[in-house]
Amino acid sequence: MEQLTHLPKLPSFGSLRKMPPMARREFRNGMIFLIPWIVGFLAFTLIPMVATLVFSFMNLDITDGVLNKPEFVGLDNYITLFKDPQIWSTGATPGSLWVTIRFGLLALPVGIFLPLLLALLMNNKSLRGQNFFRTMFYMPYIIPFVASVFLWGGILNPETGWINRSLIALGMPKDSVPGWANDINWVYPTYVIMGIWGIGNAMLTLLAGIQSVPTDLYDAARVDGAGSFASFWNVTFPMISPVIFYNLTLSIVGLFQYFLVPLVVNQGTGRPGGATFFYNLYLYKTFFTNQDMSYGSTLAWLLFLVILVVTIVLFSTARYWVYYASEK
Amino acid sequence: MDAVQKKSRLKKNINATFVTTFAAAILALFLMPFLFMVLTSLKTPNQIMVLGSPIYPAMPASFTYEGDSTAEYTFQIEKGGRMVDEVISMPEFVGETLDVYSVPMEDGSMRSLALMKGANSASIFLDPDDPEEPPFVWVGYYKGLERPWSFSPSWSNYETVWNDINYPRILWNTFFYAFFTTVGVLFSCVLVAFGFSRFRFPGRDFLFVVLISTIFLPGAVTIIPQFTFFSQIGWVGSWLPLIIPSFFANAYDTFLLRQYFMTLPRELDEAAMIDGASPLRVLWSVILPQSYAAIVAVSIFHIVWAWNDYFGPLIYLSTKMENQPVSVALARFNGMYGRQPQAIQAGALMTIIIPMILFFAAQRFFIQGIVITGVDK
C-alpha cells in the first residue's frame, strides 16, 4: 500500500491531448484493459454511492409493496438520525453505535495482537515443524464463517458444550456457569472467540513480513547491545509496521460493519438486553425488514462518514509509526 | 565435543521441546472445535442431554443373548414383602436385548451385568462375558444402578441434514456459484491486472489507488441502490446479482495478480511486442503461461470465498430456498434444529468438508498467494 499515503494526480485533458503518439497508444491500450473494472466501479460502486446519498435526502416509503411518490425532504432524515435513540445511547440503554464501538474495543486488540504473537511464535527458531504449525493455524481461516460460528457455538453451548460441562465437572455450581451468547456479560467475549479463526491471514502476512527482515539488521542491533525485546521493538516492529497498519485499518473498517455474527447467533434480535444490536444490524433491519430505503441510506452515509473520518485519522498517524522502506 | 558444546546443545533441545510443546498445546485448543464437531455429530439426542455422558459417541451398554441353553432356573426373590418363585427359561431370552448395568458385588468390585428380570428389592442378572453360566440374584434396587456406556456412533444426523435441507441440491448450487464467479473473477481481474502492470500512462496510479481504496469502502453505502436496482429488473431470487458483478474485477484479486505480474521480467513481452504481437496476444501467450501459481491461488481463494459467502446469497436468495448455497442453508438448518447440537454439528461438518479438502490439497498455493499480497503491503 505504499502509494496510499499520498494520492497521485489525475491527468488533465489538456495533458492527454499533448501526448506523443507512442504514449497515446500506451494510454489507449492500458485503458482498454481497465474497462471491466472501470465499468464495474461506476455501476456497482460510484453510482450506487451517489444514489445512496440522494436517497438519504428523499422520502422513499414502501406501503404494501408499492413505492409511494418520492419526494425530496431536505435534511429531515438527518434530523431524525441525530435524535435516534437506536443509534445514540440514552440514559442506561446503549445505542447501536456505542454497542459497535464497545465490542470493537474488545475485539480490536485481540485481532491485532493475537496474530502478531502467533507469528512471533511461528518465527521462534526453537520451534520444530514450523510449516506444520503455520498450515494448521491458518487452516480454520478457510472454514465458512457460518460453520465456524456453529462449531464454537457448540463448544460454548451453556447446557451441552464442553466448556460448561468441564466447569461443572471441576466443581463450579450449575447455576453460576457463563451463559455465553445468551449472557449479557459474556456475549462479547463469545463473539471474539467465535471470530478467532479469522486470524490466519493476518498471522501469515505478519510472518512473511517478519521473515523478510534482513538478518544483518538483527546483527547490528545485537552489536549495539539490544536484547530480544529491544531488537523486536527497534528492528522487527518498524519492518512489519506496514502490515500491522493494513490489518489495523481493515479490522476497524470491518468492525464498524460487524453484524453477521449477531444476525446468525442471536437471530438479529439484539438479545441479550440489546447488547448485540450493532449499528450495521440496525441498518440491515431498516432496509431489509422495514423496507425504509431513505432512512437506510441515511444510516449508510453516517456509517461511511464515520469510517472515512476514522480512516483519515489513522492514515494521518501513519507517518509517525509506519515505516516504508520504499520511500527512497 | 567438549562440555560447553554439549551443554549448549542440551539447552537447545530443551528449548525446542518447550517451545514446540507450548505451540502444540495452543494449537490443540485452537482446533478443539473440530474434535467437538466430529464427536458430537455422531451422537444420539439422548446422549447429548445426559450430564456426565462420555465425550465420544456412545449408547448405554446392552447385551443380546444368543446362547442355545435349554436350561430353566427358578429363583426365590422378594416381591411386595413376600418371597415368590421367579422362573427364568433361557430359550425365551434368545435374541433378546438386555440392558447392562454396573453392579457392585459383595467383594467390593464392580461388574457389568445384563439384567434379565428386575424388581424393587432384588434382580436377576446374567454375566454377558459368560452367558452360559447360570444367572444369579443380586439383592438391591437395580434402578439405582448406573449403566456403563459403550462406543456406538450414530450416522442418522448426517441423514437428517442430507434430507432436510436437500443437501445434494444445496451442494450443486454452491459448486455452481463458486464456479461461475471464479470464471468471472479470473477473466476480469487478469485483464485489469495486466492493464495496471504492463502499461505506463497518466492517471494509472490514481486509478490504482481508487481500486485499492475500494477494499476499505463499507458495503452498506452501495447495497441499497444495488438491491433496489436488481429487484426492479427482476433479478432478486436468481443467481444473476451474485454472478454478474464478479465479471467486473475486484480489488483483492486484481491486486494479487498485479503484484505477481510485476515480478515477471519485461524482456519477454517486449520482444513479443516488437515481433508485432498485440497486447492481448502478449497476455495470453507470454504472461499467463508464467503465472500458473498466481492463477491457481486466485482461483482457490475465490472458491473458498464463494463457499463462505453468506450476505449476498442471504439477501438475494432468501425467498428461493432451492437456489441457496450451503452457508445460507446451514443457517436455515440451525433455525430448524437449534436445540439439537448433534444435528447442527453434522450440518457444519458437511459444510466445511469440501473447502477443507481443497485447502489441504492446495495449501502450497494458498500460502504462496498470501505471501505475494502480504509482502508489498
**Study point:** Filter result for the condition that a residue is surrounded by 14 or more Cβ atoms within 10 Å (Cβ to Cβ), assigned to a helix (DSSP H, G or I), assigned by TED's automatic domain parsing to the domain that holds residue A:232 and aliphatic (A, V, I, L, M), over A:105, A:34, A:118
**Key:** A:118
Study note, to complete from the structure: Of the candidates B:160, B:214, B:222, B:182, the one satisfying the condition of being assigned by TED's automatic domain parsing to the domain that holds residue B:309 and farther than 21 Å from residue B:370 by Cα is B:222
Point to revise | Where residue A:273 falls short, out of the listed (1) more than 10 Å from every other protein chain (Cβ to nearest Cβ); (2) at negative phi | key: (2)
Check your understanding: Would it be correct to say that residue B:199 is under 28 Å from residue B:320 (Cβ atoms), within 13 Å of chain A (Cβ to nearest Cβ) and either of a type outside the set (Lys, Arg) or out of contact with any Gly (no Cβ under 6 Å at 6 or more places or on another chain) (or both)?
Key -> no
Review point. Does residue B:312 count as among the small types (Gly, Ala, Ser) and over 19 Å from the mean Cα position of the chain (by Cα)?
Key: yes
Review point. Of all residues in the range B:188-245, which are within 25 Å of residue A:304 (Cα to Cα) and touching a Ser or Thr at 6+ places or on another chain (Cβ under 8 Å)?
Key: B:211, B:214, B:216, B:217, B:221, B:222, B:224, B:225, B:242
Practice item. Tell me which residues, restricted to the range B:310-330, are surrounded by fewer than 23 Cβ atoms within 10 Å (Cβ to Cβ) and either of a type in the set (Gly, Ala, Ser) or at the interface with chain A (Cβ under 9 Å from one of its Cβ atoms) (or both). Key: B:310, B:311, B:312, B:314, B:315, B:318
Point to revise | Residue that is surrounded by the most Cβ atoms within 10 Å (Cβ to Cβ), among those in the range B:41-67 that are touching an Asp or Glu at 6+ places or on another chain (Cβ under 9 Å) and hydroxyl-bearing (Ser, Thr, Tyr) | key: B:65
Check your understanding: Out of (1) out of contact with any Gly (no Cβ under 7 Å at 6 or more places or on another chain); (2) within 13 Å of chain A (Cβ to nearest Cβ); (3) among the small types (Gly, Ala, Ser), what's the single condition that is false for residue B:293?
Key -> (2)
**Study point:** Meets criteria (loosely packed, with under 12 Cβ neighbours inside 10 Å, facing chain B (nearest Cβ under 9 Å) and either part of a loop (DSSP other than H, G, I, E, B) or modelled with pLDDT under 75 (or both)) for residue A:69
**Key:** no
Point to revise | Flag for residue A:328 being closer than 30 Å to residue A:244 by Cα and modelled with pLDDT under 95 | key: yes
Exercise for review: Would you confirm whether any residue within the range A:276-291 is modelled with pLDDT of 90 or more, under 30 Å from residue A:53 (Cα atoms), away from every other protein chain (no Cβ under 14 Å) and within 26 Å of the chain's Cα centre (by Cα)?
Suggested key: yes
Check your understanding: Pairs, please: C-beta under 7 Å, at least 6 apart or cross-chain, first residue free of Cβ contacts under 8 Å to residues at least 40 places away in the same chain and in the range B:51-64, second buried (at least 17 other Cβ atoms within 10 Å of the Cβ)?
Key -> B:55/B:39
Check your understanding: Among (1) crowded, with 21+ Cβ neighbours inside 10 Å; (2) without any contact (Cβ under 8 Å) to a residue 12 or more places away in the chain, where does residue A:55 come up short?
Key -> (2)
Check your understanding: Restricting attention to the range B:182-193, does a residue exist that is more than 7 Å from chain A (Cβ to nearest Cβ), in contact with an Asp or Glu (Cβ under 8 Å, 6 or more places away or on another chain) and among the hydroxyl-bearing types (Ser, Thr, Tyr)?
Key -> no
Study note, to complete from the structure: Within the range B:41-81, the count of residues that are assigned to a loop (DSSP other than H, G, I, E, B) and either under 30 Å from residue B:350 (Cβ atoms) or of a type in the set (Gly, Ala, Ser) (or both) comes to 17
Review point. Among the residues of the range A:138-170, which ones are among the aliphatic types (A, V, I, L, M), in contact with a helix residue (DSSP H, G or I) (Cβ under 8 Å, 6 or more places away or on another chain) and either more than 7 Å from chain B (Cβ to nearest Cβ) or not in a loop (DSSP other than H, G, I, E, B) (or both)?
Key: A:139, A:142, A:146, A:147, A:149, A:151, A:155, A:156, A:163, A:168
Point to revise | Any chance residue B:288 is closer than 30 Å to residue A:259 by Cα and either modelled with pLDDT of 90 or more or within 38 Å of the chain's Cα centre (by Cα) (or both) | key: no
Study note, to complete from the structure: (1) in a helix (DSSP H, G or I); (2) surrounded by 16 or more Cβ atoms within 10 Å (Cβ to Cβ) all hold for residue A:226 apart from (1)
Review point. Consider residue A:243 against the criteria (1) at the interface with chain B (Cβ under 9 Å from one of its Cβ atoms); (2) under 20 Å from residue A:95 (Cα atoms): it satisfies all of them except one. Which criterion is unmet?
Key: (2)
**Study point:** Every residue from the range B:182-204 that is in a helix (DSSP H, G or I), under 22 Å from residue B:282 (Cα atoms) and not small (Gly, Ala, Ser)
**Key:** B:183, B:185, B:186, B:187, B:189, B:190, B:191, B:192, B:194, B:196, B:198, B:204
Exercise for review: Scan A:215, A:135, A:190 and give me the residue that is modelled with pLDDT of 90 or more and more than 9 Å from chain B (Cβ to nearest Cβ).
Suggested key: A:190
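The values are calculated or read from the model by the stated rules, or taken from the named source; none is laboratory data. Keep in mind the model is a prediction, meaning the values are calculated, not measured. Don't worry about glycine lacking a Cβ; one is built from the backbone with ideal geometry, like all the others, and counts go over all protein chains shown.
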